Amino acid sequence: MNRREFVSAALSAALFAHGGRLAGQAARYDLVIKGGRVIDPSLRLDAIRDVGIAAGRIAAVETSIDAGTAATLDARGKLVVPGLIDIHTHAARSAEGPPLCLRDGVTAFIDAGSAGADDVDSVVAIAKAAPQIGRVLVNVGRGGILPGGDTKDLALADVGAARAAIERHRDYVVGLKARLSETVVGKNDVEVLRRTQQVAEPFGLPVMIHMGQSPSSLRDLLPMLKTGDIVTHMFAPPPNAIVDDSGRLLPEVLAARRRGIVFDVGNGVRDHIRWDIVEQVMRQGFWPDTFSTDWNVMSSTTGVVDFPNCMSKLFGYGMSVPEAIACATVNAARTFEAFRDRGTLNVGAPADVAVLELREGDFTFLDNYENTIKGRQRLFPSETVLAGARVPRAAA
Ligand SMILES: [Zn+2]
């Protein structure tokens with residue numbers, strides 16, 4: 001192409017790009033989210049913007065969009081953020097889970113080890129039927145979460161069975177889960193983790209470990225993790241916290257982060273988060289990469305409440321609203337390949353959007369030990385847009 005042809009091609013491309021605006025907006029968008037504070041850490045954006053959606057994708061993020069005949073969602077006074085990604089839930093234990101957490105703004109979830117090889121088919125079936133994207137970590141214990149302990153009987157950490165389960169569901173299983181509390185593994189944590197990595201290795205999949213009350217120190221367990229693996233329940237108290245008895249971060253923890261191991265909150269209800277540990281860890285600047293709830297269908301009645309509530313818990317420890325949103329969107333999207341095009345409002349991305357309210361007031365947040373802290377700000381779910389469509393609100 002000569003220079004003249006090049007200029008002409010560039011000009012028509014520019015006209016094409018701006019043609020909709022020049023010619024009027026009619027039928028250009030299906031939905032326009034108007035006037036919200038758009039916070040998208042993937043774009044370093046925090047400003048009042050309109051978001052135009054067409055054919056299930058983000059079509060424009062601009063200071064003012066003429067909606068024409070498109071449907072509108074009035075987001076004035078609210079936050080408009082990429083759909084939230086919760087990387088540690090038990091949402092696929094039952095069919096009502098995924099639509100329930102969708103109302104909280106969770107447009108992508110991981111079911112983290114609800115099931116092992118023996119019953120993963122039903123969990124995968126629920127993830128497949130979910131309205132939003134859902135993926136599954138297989139519990140290395142073939143019986144899944146067992147009251148007597150997933151892998152106290154080492155025969156339950158069955159490498160062959162776990163590999164066969166992954167083979168059956170290559171499109172939905174995105175990793176392994178190993179719960180390493182003494183009540184779950186007995187004294188077998190090192191061997192269970194070794195076998196979990198053995199399962200994951202031929203597939204190149206990440207492993208998520210559940211830490212805290214393991215019989216072995218993290219000094220021994222963390223070196224067994226590879227880049228991209230995930231440590232959940234990072235604020236769990238001793239015996240095997242990420243800090244030592246004097247409250248200082250273990251050198252192995254810092255080394256693990258340098259190697260690209262992800263540290264995740266995993267709020268839950270028992271043994272996973274205690275405010276004095278949060279204080280020690282946050283003060284040393286070791287902030288979580290991702291939040292997660294450890295959610296299940298009962299969470300609205302516990303200290304979890306919902307994902308936006310869990311996101312609000314670190315505001316009092318110095319985390320800003322945009323930083324919290326980064327943990328719940330772009331950071332989480334990078335953790336699993338299946339979510340690589342999520343966690344962003346970039347033009348062309350799937351139009352999964354959470355509209356949140358940031359309320360000021362006196363709020364109380366619970367850890368897992370019935371300790372409370374007070375906060376002045378809390379995020380509340382308001383609206384969810386999934387693949388460009390508004391999710392109906394629950395009847396009050
Ligand atoms: Zn869990």
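The values are calculated or read from the model by the stated rules, or taken from the named source; none is laboratory data. Since the model is a prediction, treat every value here as computed from it, not as a measurement. Cβ atoms come from the backbone with ideal geometry, glycine included; neighbour counts cover every protein chain shown.
Hey, does the stretch 338-348 have a residue that's surrounded by 15 or more Cβ atoms within 10 Å (Cβ to Cβ), under 15 Å from the mean Cα position of the chain (by Cα) and free of Cβ contacts under 8 Å to residues at least 40 places away in the same chain? No, that holds for no residue. Within the stretch 110-126, if we keep just the residues that are free of Cβ contacts under 8 Å to residues at least 60 places away in the same chain and buried (at least 24 other Cβ atoms within 10 Å of the Cβ), the residue that is farthest from the ligand (Cβ to nearest atom) turns out to be 117. Counted as qualifying within the stretch 178-275 are no helices (runs of 4 or more DSSP H), as none has 3 or more residues that are farther than 21 Å from residue 162 by Cα and within 16 Å of the ligand (Cβ to nearest atom).
Are any of the residues in the stretch 270-285 under 30 Å from residue 99 (Cβ atoms) and touching a Leu at 6+ places or on another chain (Cβ under 7 Å)? Give the steps one after another, and end with the answer.
Step one: list which residues in the stretch 270-285 are under 30 Å from residue 99 (Cβ atoms), which gives 270-273.
Okay, now just the ones that are also touching a Leu at 6+ places or on another chain (Cβ under 7 Å), so none.
No: the stretch 270-285 contains no residue that is under 30 Å from residue 99 (Cβ atoms) and touching a Leu at 6+ places or on another chain (Cβ under 7 Å).
Of all the residues in the stretch 89-123, those that are under 23 Å from residue 193 (Cα atoms) and of a type in the set (A, V, I, L, M) number 6. Residues in the stretch 327-369 that are small (Gly, Ala, Ser) and either part of a loop (DSSP other than H, G, I, E, B) or modelled with pLDDT under 95 (or both): 343, 348, 349, 351. Count of the stretch 303-317 residues, restricted to those that are part of a loop (DSSP other than H, G, I, E, B), without any contact (Cβ under 8 Å) to a residue 60 or more places away in the chain and within 25 Å of residue 184 (Cβ to Cβ), is 1. Considering (1) under 30 Å from residue 60 (Cα atoms); (2) surrounded by 15 or more Cβ atoms within 10 Å (Cβ to Cβ), say which one residue 272 fails and leave the rest. That leaves (1) as the condition not met.
Just the residues that are among the aliphatic types (A, V, I, L, M) and touching a helix residue (DSSP H, G or I) at 6+ places or on another chain (Cβ under 6 Å), please, taken from the stretch 279-303.
Here is the first cut: in the stretch 279-303, the ones among the aliphatic types (A, V, I, L, M) are 281-282, 297-298.
If the condition is that a residue be among the aliphatic types (A, V, I, L, M) and touching a helix residue (DSSP H, G or I) at 6+ places or on another chain (Cβ under 6 Å), then 282, 297 are the ones that fit.
For residue 147, are the conditions met, namely being at pLDDT below 95, surrounded by fewer than 16 Cβ atoms within 10 Å (Cβ to Cβ) and within 16 Å of the ligand (Cβ to nearest atom)? In short, yes. In the stretch 275-285 there is no residue matching the filter, namely being among the basic types (Lys, Arg) and modelled with pLDDT under 95.
Of all residue pairs spaced 6 or more apart or on separate chains, those with beta-carbon atoms under 8 Å, a first member in the stretch 86-102 that is closer than 17 Å to residue 383 by Cβ and a second member that is among the acidic types (Asp, Glu) and modelled with pLDDT of 95 or more are 101/86; 101/306.
I'd like the full set of residues that are acidic (Asp, Glu) and surrounded by 18 or more Cβ atoms within 10 Å (Cβ to Cβ), limited to the stretch 43-98. Steps first, answer last, please.
So in the stretch 43-98, the residues acidic (Asp, Glu) come out as 46, 50, 62, 66, 74, 86, 96.
Across the stretch 43-98, the qualifying residues are 50, 86.
Between 239, 206, the distinction of being closer than 28 Å to residue 277 by Cα and at pLDDT below 95 belongs to 239 only.
Going residue by residue through the stretch 152-168, is there one that turns out to be within 16 Å of the ligand (Cβ to nearest atom), over 18 Å from the mean Cα position of the chain (by Cα) and either closer than 30 Å to residue 351 by Cα or β-branched (Val, Ile, Thr) (or both)?
First pass over the stretch 152-168, keeping only residues within 16 Å of the ligand (Cβ to nearest atom): none.
Among the residues of the stretch 152-168, not one is within 16 Å of the ligand (Cβ to nearest atom), over 18 Å from the mean Cα position of the chain (by Cα) and either closer than 30 Å to residue 351 by Cα or β-branched (Val, Ile, Thr) (or both), which makes the answer no.
Of the set (1) hydroxyl-bearing (Ser, Thr, Tyr); (2) touching a strand residue (DSSP E or B) at 6+ places or on another chain (Cβ under 8 Å); (3) away from the ligand (no atom under 16 Å from the Cβ), all apply to residue 69 but (2).
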